[in-house]
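Report on one structure; see the data block that follows.
What follows draws every value from the coordinates through simple rules; no lab data is involved. It should be emphasised that the depicted structure is a prediction, and the values quoted were computed from it without experimental measurement. Neighbour counts are summed over all protein chains in view; Cβ atoms, including those assigned to glycine, are modelled from backbone coordinates with ideal geometry.
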Amino acid sequence: MAGEGHRRPGYPVAAGVFAVGMAGTTLPTPLYGLYRERLGFSELMVTVVFAVYALGVIAVLLLAGNLSDQVGRRPVVLAALGFSAAGALCFLFEGGLPALFAGRLLSGFAAGLLSGAATAYVLELAEPGQEGRAGLAATAANMGGLGCGPLLAGVLAQYAPWPLALPFLAHLALVAVAAVLTWRLPETVDRPERVRVRLRGLALPPGIRGVFVPAALAAFAGFALLGLFTAVAPSFLSETLAERNLAVTGAVVFSVFLASTVGQTLTGRLGVRAALPGGCLVLVAGLALVAASLAVRSLPLLVAGALCGGLGQGLGFRAALAAVGGAAPPEHRGATLSAFFVVAYLGIALPVVGVGALTLVLGLRGAGLMFAACVVVLSGCVGAYVLRHPPGAEGSGGEGRRG
């Protein structure tokens, strides 16, 4: 490991690397409309291309969720940056739908590796007394990076030349800088082991289903909102709201992730018992605003829905994660959290593909309204349940089971 003199700037640098890697996973969001015009595929295919990303994340969670514990944080983060660069190259030199599928799958691999390894890296590089700031930096890097991807791509595609090339060239340059910075960071895993990749099951330890199920469903609903904005919102903006400025599209998607970051920072102040039901109910309000924006064709209402829904998603997600992590026995915590993230990422994929399929029958506006109604019902029911049966943040599986 590097000397102590390198540790003080370590965690902000690791957070910056984390943000760059996550930005690549949402970079294509404002560009899907341009790809549709070039390649001539349907809205359903847009959602399928997007959903492949979630499959990549889930595959990594199941096969290599603890890889950085075995071989070290730095090599896994470098591998994730490599997958991110490869995904960008697939989009840069795309020759049709197969290249887009490959690019999204590689982005999913990058996000799956980064979500665990980079978070741990940021926290472990913090000096004593910096743990709180490092935790906030990891949260901001994750959600902030996801939000910055569409913002960067939208601005470049709208106001600079080569709209389908320059965003990915810019990302490749950032990845190169991030790789150099990562190489200079100290390793925090003392004795790297041999790699042991194996399929990890999703079985839950006994006695925590009462906490896990509502918490995972809350995460599913919140991630469904994120999936809607990162896959379908550009089409809503251009076709339903007649807003074709790609920079505006990127800014709207950015606002969701910005609000989510704020929500996650507020969770610690509110506590799990208040934040989990509160987040679900704020998410319901945000989805209602999204539905209203589609009904009356209002961009300000959509932005309000993005901010409100993102805030609710952030509150609910971090509270759900804390509840599940606290209820799981230490010897099963890693597997339990992996199962939790699998459910969450299914929330990004399945409902969004459902929206794409519904567009064939109901049209884009009708599909959006149906999506909002379904997720409102899910989130409202979960919010009402956890309001009556609140899970504790630490070791309260019994309380959840009594419900």
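Where in segment 289-312 is the amide nitrogen less than 18 Å from a point lying 7 Å along the Cα-to-Cβ axis of ALA373? Counting only backbone N, you get 289-297.
Long hydrophobic helices in the chain, taken as whole DSSP H segments with a C-alpha length of 24 Å or more on their own axis and mean Kyte-Doolittle hydropathy at least 1.0: 10-26, 43-64, 73-92, 97-124, 166-184, 209-227, 246-270, 272-296, 299-327, 333-388. Each Cα pair under 8 Å and six or more residues apart adds its separation to the average, and for segment 7-187 the resulting relative contact order is 43 percent.
The calculated Kirkwood hydrodynamic radius for segment 205-403 is 16.7 Å, given to one decimal from all distinct C-alpha pairs.
Checking the a/c ratio against 1.5 first, then a/b against b/c, what shape does the Cα gyration tensor give for segment 43-84? Oblate.
If you sort the three axes of the alpha carbon gyration tensor as a ≥ b ≥ c, you get a/c of 1.5 or more for segment 275-321 and a/b above b/c, which makes it prolate.
Stretched out straight at 0.36 nm per residue, the stretch from ALA176 to ARG38 would grow longer than its current Cα-Cα span by 46.8 nm. Principal axis extents of the Cα atoms in segment 7-187, from largest to smallest and rounded to whole angstrom, are 54, 36, 24. Taking other C-beta atoms within 10 angstrom as a stand-in for reagent exposure, LEU169, LEU281 fall in the order LEU169, LEU281, fewest first.
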